[in-house]
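A short reminder: the numbers here are calculations on the coordinates, not readings from a lab. The shown structure was predicted, so the numbers you read here are calculated from the model rather than taken from an experiment. All Cβ positions, even for glycine, are placed from backbone atoms using ideal geometry, and neighbour counts span all protein chains on display.
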Amino acid sequence: MGASVVPIAVFTVFWGVIGIVCPIFAPKGPNRGIIQVVLMLTAATCWLFWLCAYMAQMNPLIGPRLDNDTLIWMAHAWGNPYKQ
């Protein structure tokens with residue numbers, strides 16, 4: 001599995017709309033600035049968290065730990081010769 005441009009673009013547009021477009025429609029009042037900042041910070045942090053989680057899947061630090069019996073069965077099922 002490799003990185004794809006489509007999910008990155010879709011989530012960037014989604015969180016961009018939340019962080020850039022939604023603050024424009026914040027209700028008028030004494031707390032409008034706070035609501036706008038909250039929307040922008042929420043969008044930025046959620047996008048960054050999603051990006052880190054997505055990129056961590058590209059090259060995981062820890063791989064699956066399999067028993068020797070499982071490896072032998074996988075080699076047999078996939079038609080690969082198992083050499084001891």
Against the condition farther than 25 Å from PRO7 by Cα and either small (Gly, Ala, Ser) or loosely packed, with under 11 Cβ neighbours inside 10 Å (or both), how does ASN68 come out, does it pass? yes
State whether the residues of the stretch 50-70 include one that is in contact (Cβ under 8 Å) with a residue 24 or more places away in the chain and outside any helix (DSSP H, G or I). yes
Within the stretch 8-49, residues being loosely packed, with under 12 Cβ neighbours inside 10 Å and in contact (Cβ under 8 Å) with a residue 40 or more places away in the chain number 0
